[in-house]
Amino acid sequence: MHIVPSQMFFTKGVGRHRERLTSFELALRDAGIATFNIVTVSSIFPPDCKLVSKSKGLKLLSPGEIVYAVMAKADTSEASRLVAASVGVAIPKDRTLFGYLSEHHGYGQNERKAGDYAEDLAATMLGSTLGLDIDVDKAWDERKEEWKIAGSIVRTSNVTQTAMGKGGLWTTVLAAGVFCE
């Protein structure tokens, strides 16, 4: 079987329930992807794949369909514990090359910090495969400027969901890059 998706959309969700599994189900519903049989895959953004809107991507899928996704998930049952799930993407300027997706599951990080971290991971993986000299000790914004000058990475972005835990309930956050067509 030869499956290379041509489109992907980002989505995110949060769920809360006294049962951990139900909390996850509610996060899937909030993200709009609970009706699919989701198979998680690793970190490659296919060559010539396009990022599309969630509404466009969902129209290409059918309930019960086996759907491939890169998914990050975090949960807690602790009151006032901040959880974060983020998926970052880095797409090369040459669209015939593959890009990278990264998953980050974190605690105590706000949306920006978790999102920047996931985006940084994806960009670092892509940069290393393109042969860029990457100083991993530099901050994300500094490296982003370097890569911009090198002209090797055309687009980086992320989708991130955070939530604060509530006493007596499981809180689940998820972020996903969902492949379609």
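The values are calculated or read from the model by the stated rules, or taken from the named source; none is laboratory data. Note that the coordinates shown come from a computational prediction; the quantities given were computed from them, not determined experimentally. Quick reminder, even Gly has a Cβ in these numbers, built from the backbone with ideal geometry, and neighbours come from all protein chains shown. Side chains included, ligands, DNA and RNA excluded: accessible areas come from the protein's heavy atoms. Shrake-Rupley method; radii C 1.70, N 1.55, O 1.52, S 1.80 Å.
Less than 5 angstrom separates the built amide H of residue 34 from those of 29, all sequence-distant by 5 or more or on a different chain.
Ordering 53, 86 by accessible area with a probe of 1.4 Å, largest first, what comes out?
Numbers: 53 60, 86 0 Å².
Sorted by accessible area, descending: 53, 86.
For the chain, hydrophobic long helices are taken as DSSP H runs at least 18 Å long by C-alpha position along their axis with mean Kyte-Doolittle hydropathy of -0.5 or more; none is present. Net charge in the neighbourhood of residue 11 (other residues with Cβ under 13 Å of its Cβ; Lys, Arg +1, Asp, Glu -1) is +4. Using only the C-alpha atoms, the convex hull of the chain corresponds to 104 Å³ per residue. A 1.4 Å probe over all protein chains sorts 162, 40 by accessible area into 40, 162, starting with the largest.
Only protein heavy atoms count here; under a 1.4 Å probe, residue 181 has an accessible surface of about 130 Å². Neighbours of residue 59, meaning other residues whose beta-carbon lies under 14 angstrom from its beta-carbon, give a summed charge of 0 when Lys and Arg score +1 and Asp and Glu score -1.
Which value results when the Cα radius of gyration for region 12-86 is divided by 2.2 N^0.38 Å? Working shown, then result.
On the way: Rg = 14.0 Å, N = 75, 2.2 N^0.38 = 11.3 Å.
So the Cα radius of gyration is 1.23 times the expected 2.2 N^0.38 Å.
Quick check on the chain: of the DSSP beta bridges with both residues there, what percent are antiparallel, nearest 5%? Bridges in the chain that DSSP calls antiparallel: roughly 85 percent.
Here the contact order of the chain, divided by its residue count and restricted to Cα pairs under 8 Å and six or more residues apart, works out to 35 percent.
Just the protein heavy atoms count here, and of the accessible area of the chain at 1.4 Å, carbon and sulfur take up 51 percent.
Of the residues 67, 154, the one with the largest accessible area comes first in the ranking 154, 67, computed with a 1.4 Å probe on protein heavy atoms. Dipole size of region 3-101 about its Cα centre, with +1 on Lys/Arg Cβ and -1 on Asp/Glu Cβ: approximately 240 debye, rounded to the nearest 20.
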